[in-house]
Amino acid sequence: MNELKQASQRKMSFLATLKLVFWSFFGIRKKSDHESDVAKLNPLHIVIAGVLGAVFFIAILLTIVKAVVAQ
């Protein structure tokens with residue numbers, strides 16, 4: 001329980017977490033950046049950023065499909 005509380009109080013901003021999740025969708029990360037970021041990540045931010053990223057990705061796909069089908 002104490003580990004979960006400590007993990008949720010880590011000091012990476014939500015915007016930095018969004019950037020990290022964005023690049024992870026493409027699979028582009030330097031190993032040194034990854035190792036330094038892992039120590040600062042807030043698990044709650046990762047979950048929220050992952051869900052937002054997935055919704056954004058699906059919205060882009062739906063927009064592309066609608067544009068192609070409309071022609």
Residue selected from the stretch 22-46 under the condition in contact with a helix residue (DSSP H, G or I) (Cβ under 9 Å, 6 or more places away or on another chain) and not in a helix (DSSP H, G or I), by the criterion surrounded by the most Cβ atoms within 10 Å (Cβ to Cβ): Asn42
Contacts under 9 angstrom Cβ, first residue in the stretch 34-62 being under 16 Å from Ser13 (Cβ atoms), partner loosely packed, with under 11 Cβ neighbours inside 10 Å, 6 or more apart: Lys40/Lys11; Asn42/Gln9; Asn42/Lys11; Pro43/Leu4
Qualifying residue in the stretch 11-22 (condition: of a type in the set (Gly, Ala, Ser) and at pLDDT below 80): no
Check on Thr63, exposed (fewer than 12 other Cβ atoms within 10 Å of the Cβ) and either at pLDDT 75 or above or assigned to a helix (DSSP H, G or I) (or both): yes
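The values are calculated or read from the model by the stated rules, or taken from the named source; none is laboratory data. Only a predicted model underlies this, so the values are computations on that prediction, with no experimental measurement involved. All Cβ positions, glycine included, derive from the backbone under ideal geometry; neighbour counts span all protein chains shown.
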